[in-house]
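Take a look at the structure below.
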Amino acid sequence: MPKLIEKDFPYAELSLVAERESWRKEVHRPIYYLHKWWARRLGSVFRGIVLSACLENSENFWARFYSKNSFDSTVVFDPFMGSGVAVGEAIKLGCKAVGRDINPVAYLACRAAFSRYAATEVHAAYRHLEQTLAAKLLSYFQTRTSAGRDATVLYYFLVKVVSCPDCEKEIDLFKTRIFSKNAMPRKDPSARALCPACGTVNATVFNADRVRCSACSVAYNPQRGNIKGAKVHCDGCGRAFHLIDRMKTLNGPLPFRRYAKMLLTEDGQKLYEPMNEFDRALERQIAEEFATVSNAFPTVAIESGYNTDQIRNHNYRHWHELFSDRQLVCIGHLLAAIKSIENPDLKRLFACLFSGTLEFNNLFTSFKGEGTGAVRHMFSHHVLKPEVMPLEANLWGTSKSSGAFSRLFHSRVEKALAYKSDPSELRISSAKSVKVRGINRPVKKKIADSFEQFAFNPKTTYLSSGDSSCIDIPDKNVDIVITDPPFFDNVHYSQLADFFYYWLNQMLEFSPTMTTRCAGEVQDTRPELFTRKLTSVFTECSRVLSDKGLFVFTYHHARHEGWLSVHRAIRHAGFVCTQAYPIKAEMSVSMPLKQATSPIHLDLILVCRKERTANGRASNPPAIDRAREQISTLKSAGIEVSLGDAKVILMGCFLCEAHAMGNIEREEAFLWGLEQHLDAYVYQVIPAKSEAC
């Protein structure tokens, strides 16, 4: 008997729930946000996928979505575990969950998220760190106000410095002299600008083009700095030069200087002030301490790669160079304290919290603005982007801090612990969203170390790190494979994850390997290599999947090669795609989407069976009619569909139509032929004059 997902899936209604979740994913699904991972999919979507892949065709989807479920005999496997969304949702529904990822950072984060903890032990471990470390770490952020009062620095504002190749003058690489403004400047136009003559911090507005310094009376345009785009202008000799060319003549990353600070007074007032002699004395003290501990940080090279070359071009050669001396001194104290935690599960949890904190505490962060979380973390653009005006935040933090260890404990760990005990679901009612509780299994599992151990203990979850083209699951022992594979030309996870692994490996001594890069990683810019590796994983999934089992994954791609790659992987692994449903994928205002010329807001849910057991797709209308129907259903639910989305929907429908042919060569020729005509097909299913409907 077919499963519900093969016949009827409420993709439009579920997309509405997913869209509401996408605005505050870390609030509605905090368990997946203990640590950074890329391309995290929406929990409500994967709950729907797992549920409808377990249910028979006659079941009521929404009645079961918001009620208790128990699929204790169903084994769900995710070979590309990532942040663990598929595994977590399977656990909540009572399935026996297995997850694997080739990247050890993903594995460690998921193990920390799904392990069973006593909340009292977690809080006791945090209180011990607080009692032994907080005062010491906060001492590195002490200051005195201009009025001579004690205060704590929340953020130091830094600027990179380069010498002119002609006159050798030291040039501050300010993009703009306005270094602080509100995150919503139209509502609150106040801003702070630095005087280029005397370094005084002046109050102004975000769009001012003239400021007179309150101290030296010099008038200046705060919008202008010494760097615009790739070019630097020397205000000493007038020379203009490309920064990247200048970097080639230098050894090591550019130095920086601290020029201002946001401080918190003892009575809770926030002030902006320039650096003073107290601050300079503290800088000298920290520099001396750093000189005594600098050798404690392993020298691990940043290997060349698609993403890492972005910072290697700026002379960053080792991972510890991405931090200031103050940050490294603080890191050293915190790292040693976490290494001393005896309970391995607690050590892993706090190691992940610490590692995640470093995303907000390095020389690649910047000031996002007041009125929001002040720190723009280093992966906000999903790449390694050097900053010329970095931010140095208070690593331990205060109640007014952003991205600090103490604040992330409360916002990440405590919220995840509460969610693990009683995971909730989001329900939309009369345009409002409410949380439905008491319907899920707790996400507190003993983690098995092998499939054999997992098979004999129904209360465990099996997580592992390694190549998913070679796993220890016996033949036909999995009922459903549910996953979200990577794209061949997108973010290279291992190159970015090495930033975290450098620190995690020091605390947990996970592996003697110094990098997470692996030859088996399904991530290549060459389509043929990506296809070969993806096929290997899909083939292994076919081996472990029962003959009547379902293989379901989410996917979208803007390039035709991406679709051909996934088609070949499906077919050469012995599967056929029988259904494709569009579903909400990301928050509409996420940075990658905002930067895209024709953004894709939707994923496809591709439902596959083994070819020899597939029942075909005779019930599906022709591809263009099916795509038109799906777009109409989404629009009727109030969901926008861009031209990029329409192409994704069409390709899913064409993929199902091709796989009904039953001949790989004919299917390949059919899909190849679509490339030249796809735009014409798009305008048959979506109005030509509108980018979004």
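Laid out as a table, the results:
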read-out	value
Test: PHE323 is free of Cβ contacts under 8 Å to residues at least 60 places away in the same chain, under 30 Å from LEU129 (Cβ atoms) and under 24 Å from the mean Cα position of the chain (by Cα)	yes
Residues (within 21 Å of TYR32 (Cβ to Cβ) and either under 24 Å from the mean Cα position of the chain (by Cα) or outside any strand (DSSP E or B) (or both)) located in region 416-434	ALA416, LEU417, ALA418, TYR419, LYS420, SER421, ASP422, PRO423, SER424, GLU425, LEU426
Yes/no for ASP209 being among the charged types (D, E, K, R), out of contact with any strand residue (DSSP E or B) (no Cβ under 8 Å at 6 or more places or on another chain), more than 30 Å from PRO30 (Cα to Cα) and in contact (Cβ under 8 Å) with a residue 12 or more places away in the chain	yes
Region 389-410 - residue that is outside any loop (DSSP other than H, G, I, E, B) and among the aromatic types (Phe, Trp, Tyr) and, of those, surrounded by the fewest Cβ atoms within 10 Å (Cβ to Cβ)	PHE409
One residue from VAL607, VAL641 being at pLDDT below 95, more than 22 Å from ALA669 (Cβ to Cβ) and either loosely packed, with under 15 Cβ neighbours inside 10 Å or not polar (S, T, N, Q) (or both)	VAL641
In region 198-228, the residues that are assigned to a loop (DSSP other than H, G, I, E, B) and among the hydroxyl-bearing types (Ser, Thr, Tyr)	THR200, SER214, SER217
Residue in region 152-170 that is part of a helix (DSSP H, G or I) and either under 29 Å from the mean Cα position of the chain (by Cα) or more than 22 Å from ARG41 (Cβ to Cβ) (or both) present	no
Pair list, Cβ under 8 Å, 6 or more apart: region 639-654 residue under 9 Å from ALA627 (Cα atoms), other residue buried (at least 24 other Cβ atoms within 10 Å of the Cβ) and of a type in the set (Ser, Thr, Tyr)	GLY652/TYR581
Filtered residues of region 17-29 (kept if closer than 20 Å to ILE482 by Cβ and either part of a loop (DSSP other than H, G, I, E, B) or acidic (Asp, Glu) (or both))	GLU21, ARG29
Options SER58, SER52, SER67; residue that is of a type in the set (Ser, Thr, Tyr), surrounded by fewer than 22 Cβ atoms within 10 Å (Cβ to Cβ) and free of Cβ contacts under 8 Å to residues at least 60 places away in the same chain	SER58
Residue check, GLU629 in contact with a helix residue (DSSP H, G or I) (Cβ under 8 Å, 6 or more places away or on another chain), surrounded by fewer than 24 Cβ atoms within 10 Å (Cβ to Cβ), on the phi < 0 side of the Ramachandran plot and not polar (S, T, N, Q)	no
Every residue from region 515-556 that is surrounded by 15 or more Cβ atoms within 10 Å (Cβ to Cβ), in contact with a strand residue (DSSP E or B) (Cβ under 8 Å, 6 or more places away or on another chain) and not in a helix (DSSP H, G or I)	LEU545, SER546, GLY549, LEU550, PHE551, VAL552, PHE553, THR554, TYR555, HIS556
Tally, over region 435-455, of residues that are of a type in the set (D, E, K, R), surrounded by fewer than 19 Cβ atoms within 10 Å (Cβ to Cβ) and not in a loop (DSSP other than H, G, I, E, B)	3
Considering residues of region 162-206 that are touching a residue at least 60 places away in the same chain (Cβ under 8 Å) and acidic (Asp, Glu) only, the residue surrounded by the fewest Cβ atoms within 10 Å (Cβ to Cβ)	ASP166
In region 132-141, the residues that are within 20 Å of ASP279 (Cα to Cα) and either touching a Leu at 6+ places or on another chain (Cβ under 7 Å) or at pLDDT below 95 (or both)	LEU137
Per-region count, region 134-151, residues crowded, with 19+ Cβ neighbours inside 10 Å and within 31 Å of the chain's Cα centre (by Cα)	3
Subset of region 521-538 [farther than 18 Å from HIS560 by Cβ and touching a residue at least 60 places away in the same chain (Cβ under 8 Å)]	GLU521, VAL522, LYS533, SER536, VAL537
Output for region 295-320, where each listed residue is within 21 Å of VAL383 (Cβ to Cβ) and over 24 Å from the mean Cα position of the chain (by Cα)	ASN315
VAL413 in a loop (DSSP other than H, G, I, E, B), among the aliphatic types (A, V, I, L, M) and out of contact with any Phe, Trp or Tyr (no Cβ under 7 Å at 6 or more places or on another chain)	no
Whichever residue in region 517-547 is modelled with pLDDT of 95 or more and of a type in the set (Val, Ile, Thr) and, among such residues, is farthest from THR299 (Cα to Cα)	VAL544
Verdict on TYR501 being in contact (Cβ under 8 Å) with a residue 12 or more places away in the chain, under 15 Å from MET81 (Cβ atoms) and of a type in the set (Phe, Trp, Tyr)	no
Breaking point among (1) at pLDDT 95 or above; (2) surrounded by fewer than 19 Cβ atoms within 10 Å (Cβ to Cβ), for PRO458	(1)
Selection within region 360-369 - in contact with a Ser or Thr (Cβ under 7 Å, 6 or more places away or on another chain) and in a strand (DSSP E or B)	PHE367
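Yes/no per residue for (1) of a type in the set (Asp, Glu); (2) closer than 13 Å to PHE487 by Cβ; (3) in contact with a Pro (Cβ under 7 Å, 6 or more places away or on another chain):
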residue	(1), (2), (3)
THR513	no, no, no
VAL522	no, yes, yes
GLU528	yes, no, no
LYS533	no, yes, no
PHE538	no, no, no
SER546	no, no, no
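This table checks each residue for (1) modelled with pLDDT of 95 or more; (2) in contact with a Leu (Cβ under 8 Å, 6 or more places away or on another chain); (3) hydroxyl-bearing (Ser, Thr, Tyr); (4) within 20 Å of VAL159 (Cα to Cα).
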site: ALA240; (1), (2), (3), (4): yes, no, no, yes
site: ARG246; (1), (2), (3), (4): yes, no, no, yes
site: ASN251; (1), (2), (3), (4): no, no, no, yes
site: PRO255; (1), (2), (3), (4): yes, no, no, yes
site: ASP267; (1), (2), (3), (4): no, no, no, no
site: LEU271; (1), (2), (3), (4): yes, yes, no, yes
site: PHE278; (1), (2), (3), (4): yes, no, no, yes
site: ALA281; (1), (2), (3), (4): yes, no, no, yes
site: GLN285; (1), (2), (3), (4): yes, no, no, no
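The values are calculated or read from the model by the stated rules, or taken from the named source; none is laboratory data. None of these values were measured; they are calculated from a predicted model. Cβ atoms come from the backbone with ideal geometry, glycine included; neighbour counts cover every protein chain shown.
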